[in-house]
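One structure is given below, encoded as structure tokens.
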Amino acid sequence: MAEFDTPHFASPFRISGHTARYVEQGSVEELMQNCIAILRTPYGSRDDMPDFGLIQQEFEEGQNITVHDIEAALVRDEPRARTLTSDELKYLAREVQVQLLTNAQEG
């Protein structure tokens, strides 16, 4: 297991052997996992943070989530997301689109 100066639990939480998985707090990997958590959280679903997450569009006819929608949610909830490159934002957009498709297929 790697040593970290400031360990942060990996998300999703995983156990590897007898220990939990970690990422370095403040790393790009930690930022990306925080962004994915934001984008997988339905807007308004958290009582403690009602303005957190991404507005869900599963039931919106003909609506597609855009990189702009994603960027707006991320910079609101994770200010460090302003440092993401356009390729990283596109990666996050694909993650959300896959999640939306999966949700729609599961009914």
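A few notes on this one:
- Scanning the stretch 8-33 for residues that are under 25 Å from residue 71 (Cα atoms), polar (S, T, N, Q) and modelled with pLDDT of 85 or more yields 25, 27, 33.
- For residue 5, the requirement of being at pLDDT 85 or above, of a type outside the set (A, V, I, L, M), in a loop (DSSP other than H, G, I, E, B) and farther than 23 Å from residue 96 by Cα is met.
- Scan the stretch 60-83 for residues that are at pLDDT below 85 and either within 12 Å of residue 31 (Cα to Cα) or not in a helix (DSSP H, G or I) (or both) and the total you get is 7.
- Qualifying residue in the stretch 34-46 (condition: open to solvent by 50 Å² or more (accessible area, probe 1.4 Å), assigned to a loop (DSSP other than H, G, I, E, B), out of contact with any strand residue (DSSP E or B) (no Cβ under 9 Å at 6 or more places or on another chain) and modelled with pLDDT under 85): no
The values are calculated or read from the model by the stated rules, or taken from the named source; none is laboratory data. Small disclaimer: the values here were computed from a predicted structure and weren't measured. Quick reminder, even Gly has a Cβ in these numbers, built from the backbone with ideal geometry, and neighbours come from all protein chains shown. Accessible surface is based on the protein model in full, side chains and every heavy atom, while ligands, DNA and RNA are left aside. Shrake-Rupley method; radii C 1.70, N 1.55, O 1.52, S 1.80 Å.
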